Amino acid sequence: MDFFKKLLGGKKDTEEKEVKASVLAVMPEEIYQSATLELQDVIAPSALKIASKSISLGDKIARTFFIISYPRFLTDNWFSPIINLDKVFDISIFIHPIDTSLVLRQFQKKVAEVQSQISVREGKGMVRDPMLDTAYQDLEGLRNNLIQAQEKMFDVGIYITIYADNELELFKIENEIKSILESKLIYIKPALFQQEDGFKSVIPINTDLLGIHQKLNSEPLSSVFPFISFDLTSDKGILYGINRHNSSLVIFDRFSLENYNSVTFAKSGSGKSYATKLEILRSLMFDVDVIVIDPEREYEFLSEAVGGRYFNISLSSDHHINPFDLPIPHEDETAEDVLRSNIINLVGLFRLMLGGLTPEEDSMVDRAISETYAMKDITPESDFSNIEPPLLSDFELVLGGMDGSDSIVTRLAKYTRGSWSTFLNRPSNVDINKKFVVFSVRDMEDELKPVAMYIIMHYIWNTIRKNLKKRLLVVDEAWWMMKSEDTASFLYSIAKRGRKYYLGLSTITQDAADFMKSPYGVPIITNSSIQLLLKQSPTTIDILQKTFNLTDEEKYLLLESGLGEGIFFAGLKHVAIKVISSYTEDQIITSDPSQILSNRKAKEEQEKAETEGKQSL
């Protein structure tokens, strides 16, 4: 109240109270009128409390640490695990050069001291101390490098400030950072009773108030370089997207890994088909043949744009595939191996078509397939390049002559003489000798979709084995294949054997739960070197977290990701990714209905204008 005493002088108590009241009433308004907003007012926390081991900044708690000890050797990228931690923290590195002449004088004294200790031990006949010998060699080596100007010495201070919402979270982050550093023999301590100086040393105002330094020469100092993060940028491959952590390019070649397979999991509308079409478009530029099984007719426009071939497989379609087709044996295969493999796959197909088989029926079907081939003079000694494969009706004829086959023949009739005969009981008339081929099964009845996808994959597999070429097989909405054990088993066999034929299998699904329920779900994932996880729904995230060993931070990242964002795994590395495309690529591969309608309208208007122009001529 000194201010008021000076202001009021010797006024009486009543007058003093009145003046005080009037002044206090005016002051806030005057302060408001005269105050100017500065940067420090904007960035300052709402409250500040400084304790011995932490600082409270509004709703956050901060704690500052400093490094006190390093090992004898520092490996490259030792700081990288800290830099890449998905936590909120600040790091400040202060590097103070030391005059080389001053260091050399200190070294001379230290070398003499170590030499003296070694001489004393030798004079007493004591065993040589390896620590003293090592110290002497290190000092001599470093002194030589300093004299030759190959190294310089620095006082280095590294301070880390971590932030948390409460003490428990702060304790967990502290332990995590300590364990990472201590595993590398690097030790840190909190700045006790110096938290204010520590915090000021870390914020970007270039003031080293802590002044806690360790001497490092140039070589170990270079290992501290902080701008390091996980990346998947290689010298060759295609661009998958942008690393969301450091904005580097995710460039990778799937054919450089131990196998060429990939799996993609994402909820509907999160951009999985978009990302797949983008990979296809870019792979085609690198001389990769691509074959797609398309359940939703999403790849038709892409096929037209790149001059590919599009087959619509349905009951009313003109395109047919004969499941009895045989491939020409590869150079390291015999005709007997090919025939036996095809018979096994056909037994699986009939098990799927007929709703399951008893052990007796299974054996009967196996024998009937062999006799059907034999009826066309197809044996293990035949030349498969000049044969006419049998049809499903031939198989029915052979089966009808066997005792106890009435039930199988009855169930088979709908595929040979019923409404479904147009799909299967015809010779093959599709040719996939193109860079890009799409098989659409959108118009196929849901009951027949797994059968259709199995037959298509069987035909593709037989064609792929004819000649060795870099290929990518894309199975979209693969959960259809996982519904049946036979189709899932066949998909798994392609994932395992594809590498031998230079084939990469890309499995895409939005229903992770159904995919994982199959006994072949996890094996397909483990046989895929690349995994792409985009935005997930809360109902499936726990399954994926367990399968892919995701941290809680990665789990929440997938739940909160936007369109085309997620996590990209390649071998032992994984990064947060955002799929990006150019304008031209986007026009070709978009799945946005409004954009597709707009493109169609523009195309129709262009065609109409061209027609009117021709008519006027």
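Derivation of every value follows stated rules applied to the coordinates shown; laboratory data play no part. Everything quoted here is computed from the prediction, not taken from an experiment. As a convention, Cβ positions derive from the backbone with ideal geometry for all residues, glycine included, and neighbour counts pool all protein chains shown.
Using 0.36 nm per residue and subtracting the Cα-Cα separation, the extra length available between Ser419 and Gln150 on full extension is 88.4 nm. Straight-line cross-link partners of Lys109 among the lysines, defined as a Cα under 28 Å from its Cα and at least 8 positions apart when in the same chain: Lys124, Lys152, Lys215.
Using the Cβ-Cβ distance between Ile203 and Asn77 with R0 = 25 Å, the FRET efficiency computed as 1/(1 + (r/R0)^6) comes to roughly 0.45.
With a Cα cut-off of under 27 Å and a minimum spacing of 8 residues unless on different chains, the lysine pairs in the range 521-614 number 11. 7 Å from Cα along Cα→Cβ at both Glu167 and Arg309: what's the point-to-point distance in nm? Each label point is offset 7 Å from its Cα along the Cβ direction, giving 7.3 nm. Counting beta carbons within 10 Å around each of Leu424, Leu239, Leu550 and listing the fewest first gives the order Leu239, Leu550, Leu424. Listed options for mean projected area of the Cα convex hull in nm² are [x] 34.1; [y] 55.6; [z] 37.3. The value calculated from this structure is the one marked [y].
Cross-link reach is defined here as a Cα-Cα straight distance under 18 Å, omitting same-chain residues fewer than 8 places apart; for Lys435 the lysines meeting it are Lys277, Lys466, Lys469, Lys470.
On a straight-distance basis, which lysines could pair with Lys414 in a cross-link, Cα separation under 16 angstrom, same-chain partners fewer than 8 positions away excluded? By straight Cα distance, Lys414 reaches Lys449. The order of Glu279, Glu585, going from fewest to most other C-beta atoms within 10 Å of their C-beta, is Glu585, Glu279. Computing FRET efficiency as 1/(1 + (r/R0)^6) for Ser56 and Glu560, where r is the C-beta to C-beta distance and R0 is 35 Å, gives about 0.80.
Label sites at Asp586 and Leu468, each approximated as a point 7 angstrom past Cα along Cα to Cβ, lie 4.2 nm apart.
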